[in-house]
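Report on the structure given below.
The values are calculated or read from the model by the stated rules, or taken from the named source; none is laboratory data. Not measured: the values here are computed from a predicted model. Reconstructed Cβ throughout: ideal geometry from the backbone, glycine too, with neighbour counts over all protein chains shown.
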């Protein structure tokens, strides 16, 4: 993973740093409330059998997000 991508493009077992939330309204509020603020490290834990939702480790909590939500979180590899 190089440069900026959306969270849904990060492979299982990898982690990334949140750089920007491109969502608006209630979706933005929910993502921010879950701890997805710039600078937060997010680890992709596992995908469901059909690929949606995906479980993420966000600040020590396991959170499931659908593809439409995770595609609105811009991340970088942070390395």
Response to the item:
Residue pairs within 6 Å by beta carbon, gap of at least six or interchain, first lying in the stretch 56-71 and at negative phi and in a loop (DSSP other than H, G, I, E, B), second surrounded by 14 or more Cβ atoms within 10 Å (Cβ to Cβ) and modelled with pLDDT under 95, listed first then second, are 66/52; 66/53; 71/6; 71/8
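Here is a yes/no grid of residues against (1) under 10 Å from the mean Cα position of the chain (by Cα); (2) part of a strand (DSSP E or B); (3) closer than 17 Å to residue 64 by Cα:
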| site | (1), (2), (3) |
| --- | --- |
| 13 | no, no, yes |
| 16 | yes, yes, yes |
| 20 | no, yes, no |
| 28 | no, no, yes |
| 32 | no, no, yes |
| 36 | yes, no, yes |
| 43 | yes, yes, yes |
Practice prompt. Could you look through the stretch 24-45, keep only residues that are out of contact with any strand residue (DSSP E or B) (no Cβ under 8 Å at 6 or more places or on another chain) and surrounded by 13 or more Cβ atoms within 10 Å (Cβ to Cβ), and pick out the one that is nearest to residue 61 (Cα to Cα)?
Written response: 30
